[in-house]
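Values in this text are rule-based calculations from the coordinates and carry no lab data. Because the structure is predicted, anything quoted here is derived from the model rather than measured. Here the Cβ positions follow ideal geometry from the backbone for every residue, glycine too, while neighbour counts run over all protein chains shown.
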């Protein structure tokens, strides 16, 4: 028996149409946010700069321009000539599989490097700026991002290189006081013991495989958001921009 919907009652068709409309609206908002991040961040990229990024925060992760890659795309669109260095991001290699592919397809000048090459590249003066994304930012400005980000931040501090985190203002979590309160996912051993389908480690070896690490706020030069660039002290300046 076919159900007859009373006037004003929501039908499955209406629910579907509302869901599609909301999805389109979210997509438009995400595009605008990424464009805002790019607009504020592109001024950090100067002619002949070497820009290092870690993991993937591009159009494959968000909408159109991405977050960490948005300043790169917009600077390139303005005619700024610069070099991008993409960490491979072991063990899942998001940097080599995704970021390097994406930037190359977009026509940017990108070079892929192994994670353990970042220090050497910095020592040679090839890196002038670091821009990474993030999965969550604690209320005090501590940053949770793909494993290896902490090491890049420490190296940048040592070599005096600005380390910026690009993210929507919604990534700031006022309910998480510090990075110590963020639970880090532990992933399976096979990701570390294998490279593709080939086993590269002894059978039965113990493995640690955290998916993320936490970079303390004192290593962060600033946050590039759609509302502007936020610098320390983060507890005060986050509130000023209305992201807390």
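The tail of the calculated P(r) for region 114-171, taken as Cα-Cα distances beyond 19 Å, holds 30 percent of the pairs. Annotation: the antiparallel percentage among DSSP beta bridges lying fully within the chain is about 40. Across all Cα atoms of region 182-244, the radius of gyration (one decimal) and Dmax (whole number) stand at 19.0, 53 Å. Using the rule -39500 (n - 2.57) for each DSSP H run of four or more residues, divided by the residues of the chain, the 222 nm mean residue ellipticity is -8500 deg cm²/dmol. Rounded to the nearest 5, the antiparallel percentage of DSSP beta bridges internal to region 119-244 is 60%. Applying 0.36 nm per residue to the separation of residue 123 and residue 191 and subtracting their alpha-carbon distance, the gain on full extension is 21.5 nm. Taking the centroid of alpha carbons for each part, region 177-244 and region 108-138 are 15 Å apart.
Short version: what are the Cα gyration tensor semi-axes of region 28-94, square root of 5 times each eigenvalue, largest first, in whole Å? Please report the intermediate quantities before stating the final value.
On the way: eigenvalues 71, 63, 10 Å².
That gives 19, 18, 7 Å for the three semi-axes.
Based on the alpha-carbon gyration tensor of region 129-244 and its eigenvalue square roots a ≥ b ≥ c, which shape applies: rounded if a/c is under 1.5, prolate if not and a/b is larger than b/c, or oblate? It comes out prolate by the Cα gyration axes. Each peptide in 30-37, 180-187, 84-91, 43-50 was scored by the mean count of other Cβ atoms within 10 Å over its residues; highest first, the order is 84-91, 30-37, 43-50, 180-187.
Counting only alpha carbon atoms, the long axis of helix 149-159 and the longest principal axis of the chain meet at about 40°.
Axis angle, to the nearest 10 degrees, between helix 12-41 and the longest C-alpha principal axis of the chain: 30 degrees. What the Cα atoms of region 11-155 give is an Rg and a Dmax of 16.8, 64 Å.
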